[in-house]
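Down below is the structure, laid out as structure tokens.
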Amino acid sequence: MIGRLLTRAWARIRQRARAGARAPVLGLSLGLGLVLPPPAAAAPLKVIASFSILADMVREVGGDRVTVTPLVAPGGDAHVYQPTPSDAKAIAAADLVVVNGLGLEGWIDRLIAVSGYKGPILVASHEVATQTVPARVGDRPTGPGMVDPHAWQSLRNGRIYFANIADALSKADPAHAADYAREARRMDGETASLDAWVRDQMAAIPQEKRRIITSHDSFGYFGSAYGITFEAPVGLSTEGEATPAGLGKLIRQIRAEGIKALFIESMADPRLIAQIARETGAVVGGPLYSDTLSPAGGPADGYLKMFRYNVPIMVAAMQRN
């Protein structure tokens with residue numbers, strides 16, 4: 001019976017097609033529940049980000065139109081990361097690669113070359129006003145200066161990062177350019193509001209108390225943006241080592257200035273900061289998140305959440321100076 005009905009239906013469809021009429025959707029006129037499947041949705045854009053902070057920024061702008069994979073997972077250290085063969089495979093299959101640049105990922109160029117990837121690469125720090133600090137090992141100058149790669153630690157720079165990410169996503173996926181622009185505007189507003197909040201929080205701390213010791217020089221942009229002096233026993237990269245002379249000088253400075261704000265960074269070796277605390281009586285706080293986010297569900301598992309977490313504990317520690 002059903003076979004005869006289908007035969008008659010197809011005959012009517014062919015007859016209408018020959019007459020120039022539009023054929024109906026199969027099954028609707030028969031009441032048999034036969035419908036054509038909807039067209040498949042476009043696959044999300046595949047994005048590789050060099051480390052967790054950039055990955056979160058891309059997710060905020062891209063939403064469900066992108067899938068983002070960080071090479072250096074939350075809790076990892078982008079300075080000393082050792083790429084794996086699976087990283088090269090992931091890059092080869094990507095539609096877009098997002099890196100920080102400014103020398104943070106010393107391993108990324110070789111990894112991209114090995115992968116054979118020929119697609120677009122976004123340097124998210126593009127057009128940021130960079131800062132340079134003296135190159136040193138411990139306290140020993142080793143050159144005229146190095147560009148500080150930690151530019152995201154200023155929220156005003158973060159707004160530039162979001163704009164750059166939206167532009168790159170729009171070029172890689174023009175069909176959703178309006179969506180990316182809308183989300184970038186949202187993140188720009190949220191980041192500007194958070195920037196104003198951080199400034200208000202820091203304004204409550206007397207200038208002479210605005211001093212913090214951290215594991216390595218990762219908060220230079222934060223210090224410049226919000227009027228805080230940061231000191232560290234190790235330089236810009238966690239690859240560096242503190243010299244005995246440099247460590248002794250820092251300990252004497254902490255004692256002389258009565259600095260109590262002493263922080264371990266989340267991905268750093270805590271032993272050096274613990275030694276400084278023993279020598280000075282300073283209280284170890286934190287951890288602070290600088291180069292990485294916390295794992296999902298942690299206190300700093302997003303770029304903006306990182307600031308909301310770091311700032312109150314910085315303020316509390318500086319009040320004890």
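The values are calculated or read from the model by the stated rules, or taken from the named source; none is laboratory data. Keep in mind that what you see is a predicted model, and the values were worked out from it rather than measured. Cβ coordinates were reconstructed from backbone atoms using ideal geometry, including for glycine residues, and neighbour counts include every protein chain displayed.
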From (1) in contact (Cβ under 8 Å) with a residue 40 or more places away in the chain; (2) in contact with a helix residue (DSSP H, G or I) (Cβ under 9 Å, 6 or more places away or on another chain); (3) crowded, with 18+ Cβ neighbours inside 10 Å; (4) under 26 Å from Lys305 (Cβ atoms), pick out the condition that doesn't hold for Glu190.
-> (3)
If you take just the helices (runs of 4 or more DSSP H) that sit entirely in segment 187-302, which of them hold at least 1 residues that are closer than 19 Å to Asp148 by Cβ and modelled with pLDDT under 95?
-> 220-226, 244-257
So how many residues does segment 201-213 have that are out of contact with any Lys or Arg (no Cβ under 8 Å at 6 or more places or on another chain) and within 10 Å of Tyr226 (Cβ to Cβ)?
-> 4
Among the residues of segment 140-155, is there at least one that is modelled with pLDDT of 95 or more, under 26 Å from Phe230 (Cα atoms) and more than 20 Å from the chain's Cα centre (by Cα)?
-> no
Could you list all residues from segment 42-101 that are crowded, with 22+ Cβ neighbours inside 10 Å, assigned to a loop (DSSP other than H, G, I, E, B) and at pLDDT 95 or above?
-> Ala94, Asn100
Of the listed residues (Tyr180, Tyr161, Tyr226, Tyr221), the one being more than 20 Å from the chain's Cα centre (by Cα), aromatic (Phe, Trp, Tyr) and surrounded by 19 or more Cβ atoms within 10 Å (Cβ to Cβ) is Tyr226
